[in-house]
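Structure record follows, encoded as structure tokens.
Throughout, read-outs are computed from the coordinates displayed, never taken from laboratory work. In this text, all values refer to a predicted model and were calculated from it rather than measured experimentally. Cβ atoms come from the backbone with ideal geometry, glycine included; neighbour counts cover every protein chain shown.
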Amino acid sequence: MPARGGWSRGSPRPLRGDASSRRFKDPSVRRSLALFRAFLHEQDDPEACYSLLARDAVDQVEAYDGSVAGRIVLDVGGGNGYFTEEFRRRGAHAYLFEPDVTELGGKPPDSTVIADGYLLPLSDGVADVTFSSNVLEHVADPQTFLSELARVTRPGGLIYVSFTNWLSPWGGHEWAPWHYFGAERARARYRRRTGKPAKHTLGENLFAVHIGATLRQVRARDDVMVVSARSRYWPFLAETVVKAPGIRELATWNLLLILRRCPP
Ligand SMILES: C[S@@+](CC[C@H](N)C(=O)[O-])C[C@H]1O[C@@H](n2cnc3c(N)ncnc32)[C@H](O)[C@@H]1O
């Protein structure tokens with residue numbers, strides 16, 4: 001196995017530990033159903049929902065990169081810190097970077113940093129793993145955001161980025177699936193139905209990100225290599241669905257990009 005930092009573009013980096021037994025397998029129907037059930041109870045039982053999601057996401061990271069124990073992990077736009085806490089439970093040195101204090105909840109992880117993902121207060125290449133779950137669709141300039149994730153990741157390090165694309169059935173977030181009929185109409189409907197204003201406004205804190213365009217932009221970059229582009233939650237055909245132009249915008253639900261930082 002190459003020394004840390006000895007990985008180069010084009011050579012897949014072997015996994016740590018028992019590599020042969022840790023290859024990524026398509027997840028099961030049972031796992032997808034459990035996640036779906038948890039999403040349905042996101043509002044009334046956020047603890048159960050986000051703990052499960054965090055365990056699942058860290059499993060995905062470990063499937064590509066081996067154990068996170070002892071690794072430096074950055075959770076960028078990590079909200080209330082469930083993912084950071086799960087990385088720490090598994091022995092990682094994990095840090096939460098979150099720009100919005102209202103997203104942190106009552107008990108953010110120790111050493112949380114209030115920081116914008118566009119401009120992280122970190123030197124180049126400090127992280128073994130840079131993790132960003134469901135943030136890309138909330139930034140106006142996803143490519144600049146990705147540049148910053150790549151900058152703080154060491155060469156050969158792993159970058160986990162997932163986002164809900166606009167044409168996903170969940171693309172409109174709390175006003176989905178009515179976003180298919182227009183964002184403003186969907187927001188207005190949400191307000192009428194719930195009596196409260198929607199959290200998200202298109203063009204302010206939610207942006208229409210598409211899978212095809214994002215893949216083309218990420219593949220054209222020279223600071224990262226795409227290891228995998230797959231549906232984050234699908235139990236089968238998770239990579240295949242992402243290869244079908246048009247269909248992928250509707251069927252992927254949430255795109256997971258596993259990237260490797262290329263040497264500068
Ligand atoms: C839908 S939440 C996702 C939270 C958590 N990562 C998760 O998967 O549950 C989106 C998060 O992105 C954060 N965010 C928005 N703009 C950001 C930026 N420029 N840099 C870093 N985080 C940002 C928000 O504050 C919010 O916590």
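Relative contact order for the chain: 18 percent, from Cα pairs under 8 Å spaced at least 6 residues apart, divided by residue count.
Just Leu74, Leu119, Leu53 to compare: in a GNM of the chain, with alpha carbon springs under 10 Å, which one fluctuates most? Comparing Leu74, Leu119, Leu53 in the GNM, the peak value goes to Leu119.
Computed about its Cα centre, the charge dipole of the chain is approximately 760 debye, with only Lys, Arg, Asp and Glu carrying charge at their Cβ.
Taking other Cβ within 10 Å of each residue's Cβ, how do Leu122, Leu158, Leu96 sort, fewest first? Present the calculation step by step, with values, prior to reporting the outcome.
Working: Leu122 19, Leu158 24, Leu96 29.
Ordered by Cβ neighbours within 10 Å, fewest first: Leu122, Leu158, Leu96.
Grouping the Cα pair distances of the range 102-182 into 5 Å bins from zero gives a pair-distance distribution of 3, 13, 18, 20, 18, 13, 9, 4, 1 percent in increasing distance order. Net length available on complete extension from Gln143 to His93 is 15.4 nm, with 0.36 nm assigned per residue and the Cα-Cα distance removed. Along the range 166-172 the Karplus relation, 6.51 cos²θ - 1.76 cosθ + 1.60 evaluated at θ = phi - 60°, assigns HN-Hα couplings of 4, 8, 5, x, 9, x, x Hz to successive residues, with x for each Gly and Pro. Build a GNM of the chain with springs between Cα atoms under 10 Å apart, and of Arg187, Arg232, Arg37 the one that fluctuates most is Arg37. Going from the fewest other Cβ atoms within 10 Å to the most, the residues His210, His173 appear in the order His210, His173. Given the options Ser123, Ser231, Ser132, which has the most mean-square fluctuation in a GNM of the chain, springs set between C-alpha atoms less than 10 angstrom apart? Maximum among the listed residues: Ser123. Panel order for Phe97, Phe163, by other beta carbons found within 10 Å of each beta carbon, from fewest to most: Phe97, Phe163.
Max-minus-min Cα coordinates of the range 162-264 on each principal axis give 50, 32, 19 Å, with the largest extent listed first. Toward the positive end of the charge dipole of the range 162-255, with +1 on the Cβ of Lys and Arg and -1 on the Cβ of Asp and Glu, the farthest Cα among Pro235, Thr214, Val224 is that of Pro235. Distant-in-sequence amide contacts of Ser231, defined by a placed amide H-H separation under 5 Å and a gap of 5 or more residues or a different chain, comprise Glu239, Val242, Leu256.
Computed on the Cα atoms alone, the convex hull of the chain gives a volume of 129 cubic angstrom per residue.
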